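Read the structure below first, then the notes.
The values are calculated or read from the model by the stated rules, or taken from the named source; none is laboratory data. Everything numeric here is computed off the predicted structure, so don't read it as measured data. Glycine gets a Cβ as well: all are built from the backbone with ideal geometry, and neighbour counts include every protein chain shown. Just the protein is used for accessible areas: all its heavy atoms, side chains included, with ligands, DNA and RNA removed. Shrake-Rupley method; radii C 1.70, N 1.55, O 1.52, S 1.80 Å.
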Amino acid sequence: MKKHASLIAATLALFATTALPSLAADQEISFIACGDKMQPAHADFIKKWEEANPGYKIASEVVGWAQCQDKVTTLAAAGTPVALAYVGSRTLKEFADNELIVPITFSDAEKAAYYPYIMDTVTTSGKQWGIPVAFSTKALYWNKELFKQAGLDPEKPPTTWAEELEYAKTIKEKTGIPGFGVVAKTFDNTMHQFLHWVYTNDGSVIDGDGKITLDSKQNLEALTALKDIVPYAEEGPTSYEQNEVRAIFLDGKLGMIQASVGAVNRLKETKIDWGVAALPLGPSAKGPGTLLITDSLAVFSGTGVEEKAIEFAKFLTNPENQPIYEAQEGLTPLRPGKAVDDMVAANPYWKPFIDGISNGGPEPLFLDYKGLQNTMIELVQAVVTGKAEPADALKKAAADLEQFK
């Protein structure tokens, strides 16, 4: 921690002894973006920002998804941080605790402009540590032809867990095709998929005071519902992550799945007669829900350009620019507004992805995210495979999580 503090102090001392004109002339803001290429919208915004900020240059580097997070972390831990980086919001608490990133100040108006709970995904210890840049929610997709074959109304998706279980059972028994896709592979989205059950039943994993809330009535109902639907899912759920389950659905061999809006374009390329609706609700639900996953722009400490990096990051994600990026990427919007209303009017399939935000919940922020993820995967797998009963599995997982918070 002192290492990073001394680096900041040394940078400030350099500022104090360097003439401002020559300093500004060569200021570079290094920026790591994750993916296969710089997205057209961001490339355009970078040029516009540089034109409006002479003396500053955005030095961007695109790093593949598989290596991006590790590279950002390694550079920061080594004391040679990048100024700005695209990161999963789940990593912010660990970065903040190790004093590797700086807090971001948002005005009340800026916070209020986002959908509910978005700011929770970047908040820990009462401060915001990232600027949301990408957002994902989930909804329920169903195969209307399989519904017909099973004698179900193809225009009536399940709205409750009880109906979802009944429909999955009916599809399996009447058609021989699995009724629901269960995700339980040793992979990060196994936790994500279970959290959709949690957040459609008013559950949570950890509260704002750091208390583990996993072992609750709501989550017992969620885990029990997941266990109950396994007999009507694809064989061997522990072999499948969400994209693999989606592939089975796209092949017409699965009745229902939980998936992001990204599945829409893939379905348009098939002959499947499909529908999409809000995720079914559990008995304790207060309204539509979903896991709210965000990626963020994090500003790293010790570069000497922290304030300017924050300014640039806010420019990239402001209410004028962000919708352009979201439209190009097919992302759930971060903020409500006319652009969203127009989008839903033009493409009604967007509605359930927006509606679920109202009672959604964030990806839990833990100091040891890998520990959280592995514990949640083990929880799901233990129940899905029948090695543990839901109540026992929840108690064990809740106790295990204490060491990672």
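General remarks:
- Taking first residues from the range 245-266 that are among the aromatic types (Phe, Trp, Tyr) and partners that are in a loop (DSSP other than H, G, I, E, B) and crowded, with 24+ Cβ neighbours inside 10 Å, the Cβ contacts under 9 Å between residues at least 6 apart in sequence or on separate chains come to Phe249/Gly181; Phe249/Gly255.
- Flag not set for Phe45, criterion: part of a loop (DSSP other than H, G, I, E, B), modelled with pLDDT of 95 or more, more than 20 Å from the chain's Cα centre (by Cα) and not β-branched (Val, Ile, Thr).
- Enumeration of residues in the range 55-92 that are open to solvent by less than 30 Å² (accessible area, probe 1.4 Å) and hydrophobic (A, V, I, L, M, F, W, C): Ile58, Val63, Cys68, Val72, Ala76, Val82, Ala83, Leu84, Ala85, Val87, Leu92
- Search result, residues across the range 201-219 that are outside any loop (DSSP other than H, G, I, E, B), of a type in the set (S, T, N, Q) and surrounded by fewer than 23 Cβ atoms within 10 Å (Cβ to Cβ): Gln218
- Residue among Pro333, Pro348, Pro323 that alone is farther than 29 Å from Lys148 by Cβ, without any contact (Cβ under 8 Å) to a residue 24 or more places away in the chain and not basic (Lys, Arg): Pro323
- Subset of the range 122-152 that is among the β-branched types (Val, Ile, Thr) and open to solvent by 10 Å² or more (accessible area, probe 1.4 Å) - its residue that is farthest from the chain's Cα centre (by Cα): Thr124
- Among the residues of the range 248-272, those that are within 20 Å of the chain's Cα centre (by Cα) and open to solvent by less than 30 Å² (accessible area, probe 1.4 Å) comprise Ile257, Gln258, Ala259, Val261, Gly262, Ala263, Val264.
- Entry remark, the range 273-284: residues being part of a loop (DSSP other than H, G, I, E, B) and either open to solvent by 30 Å² or more (accessible area, probe 1.4 Å) or in contact with a strand residue (DSSP E or B) (Cβ under 6 Å, 6 or more places away or on another chain) (or both) number 5 in total.
Conditions (1) in contact (Cβ under 8 Å) with a residue 40 or more places away in the chain; (2) surrounded by fewer than 24 Cβ atoms within 10 Å (Cβ to Cβ); (3) touching a Cys at 6+ places or on another chain (Cβ under 7 Å); (4) not small (Gly, Ala, Ser), marked per residue:
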{"position": "Thr160", "(1), (2), (3), (4)": "yes, yes, no, yes"}
{"position": "Tyr167", "(1), (2), (3), (4)": "yes, no, no, yes"}
{"position": "Gly179", "(1), (2), (3), (4)": "yes, no, no, no"}
{"position": "Asn189", "(1), (2), (3), (4)": "yes, yes, no, yes"}
{"position": "Tyr199", "(1), (2), (3), (4)": "yes, no, no, yes"}
{"position": "Glu221", "(1), (2), (3), (4)": "yes, yes, no, yes"}
{"position": "Lys227", "(1), (2), (3), (4)": "yes, yes, no, yes"}
{"position": "Tyr232", "(1), (2), (3), (4)": "yes, yes, no, yes"}
{"position": "Glu235", "(1), (2), (3), (4)": "yes, yes, no, yes"}
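- Taking the listed residues Lys148, Lys174, Lys156, Lys127, the one that is closer than 23 Å to Gly287 by Cβ and basic (Lys, Arg) is Lys156, with no other qualifying.
- Those residues of the range 173-230 which are among the basic types (Lys, Arg) and more than 16 Å from Glu389 (Cα to Cα), in sequence order: Lys174, Lys185, Lys211
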